[in-house]
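A short write-up of the structure that comes next.
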Amino acid sequence: ARMMRRNDVPLGLATDGRWWVLVWAPHGRATTQAAFDGGLWREEPDLLRAFVSLLCRARFFGVPNNETLPALFAQSQDNAEEITEALGNQVRRAVELLIATIGRAEQEVRRQRPEVLPLPAHAAYAGAVTVLMRLVFLLFAVECHLLPNDDPIYQASYSASRLIDELEQRASQPGGEAALEYSHVAWHRLLALFRAMHGGVKTGSLRVPPYDGSLFDPDAHSWLE
């Protein structure tokens, strides 16, 4: 990628004979790459055909300018940036909603227990952002099939995507959205999921290894529980 940028060549191909790596490294933008294992081409002819369709002469000289490989890469990167911006806006809005809910919960607690100290604004913000980053991580992991989403125990007690479906179904029922304001079950399921990611789970058919790390550390924002 450094060599390509030095020579103002945005698209390159590197190989050791078996692995073929297509590198996209335009100036001022992130480097991306796609790797092809030539050892699989005999077993997976569709993969070989895809490789040829990407790099054959016709892709560079026999198609409209907006369908050449560099143009397709640039369009893909633009789309990714739009998705990233949209996700950022959604996360910011969700953080605002979560902080507002935390504030209401804190007022209720302090009405009953005046001795409880108020939560510092920075702690509330950091905790809310952590919750959203955990959820983004988990939903992405599900899409990549990195979590046992087909396990019945995981589905019933832990799955974030299943929880979203259940909440949307309940909210669509008459009076369901108002009733959810007084329910805390979903929050406790999320906390159980966060703890499962950090410490692991081994029960019945379910096996989730401990991922440790600071993101899911239950002690990092213990007030959330």
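The values are calculated or read from the model by the stated rules, or taken from the named source; none is laboratory data. Here the structure is a predicted model, which is why all the values come from computation and not from measurement. Here the Cβ is made from the backbone with ideal geometry for all residues, glycine too, and neighbour counts use every protein chain on show. These area figures cover heavy atoms from the full protein model, side chains too; ligands, DNA and RNA do not enter into them. Shrake-Rupley method; radii C 1.70, N 1.55, O 1.52, S 1.80 Å.
For the peptides 69-79, 170-180, the ranking by mean Cβ contacts within 10 Å, running from highest to lowest, is 69-79, 170-180. With all protein chains kept in place, the per residue accessible area of segment 1-160 amounts to 68 square angstrom at a probe of 1.4 angstrom. Using the Cα centre of segment 72-145 as origin and beta-carbon charges of +1 (Lys, Arg) and -1 (Asp, Glu), tell me which of Leu139, Ala74, Ile102 is placed farthest towards the positive end of the dipole. My answer, from the dipole projection, is Ile102. Taking +1 at the Cβ of each Lys and Arg and -1 at the Cβ of each Asp and Glu, which of His27, Leu47, Gly12 sits farthest along the dipole of segment 1-54 towards its positive end, judged by Cα position relative to the Cα centre? Highest projection toward the positive end goes to His27. Rounded to the nearest 20, the Cβ-based charge dipole of segment 116-193 about its Cα centre (Lys and Arg +1, Asp and Glu -1) stands at 260 debye.
Are there DSSP H segments in the chain that both extend 24 Å or more along their axis (alpha-carbon positions) and score a mean Kyte-Doolittle hydropathy of at least 0.0? List them, or say none. Length and hydropathy pass: 121-143. Computed from point charges on the beta carbon alone (+1 for Lys and Arg, -1 for Asp and Glu), the dipole magnitude for the chain about its Cα centre is near 420 Debye. Ordering of 16-23, 124-131 by packing is 124-131, 16-23, highest average first (other Cβ atoms within 10 Å, averaged per residue). In a reduced charge model with +1 at each Lys and Arg Cβ and -1 at each Asp and Glu Cβ, segment 41-114 shows a dipole moment near 380 debye about its Cα centre.
For Rg and Dmax of the Cα atoms in Å, pick the label among (i) 24.1, 75; (ii) 17.2, 55; (iii) 17.1, 61 that corresponds to the value derived from the coordinates. Of the labelled values, this structure produces (i). Surface composition of segment 79-212: carbon and sulfur make up 60 percent of the accessible area, probe 1.4 Å.
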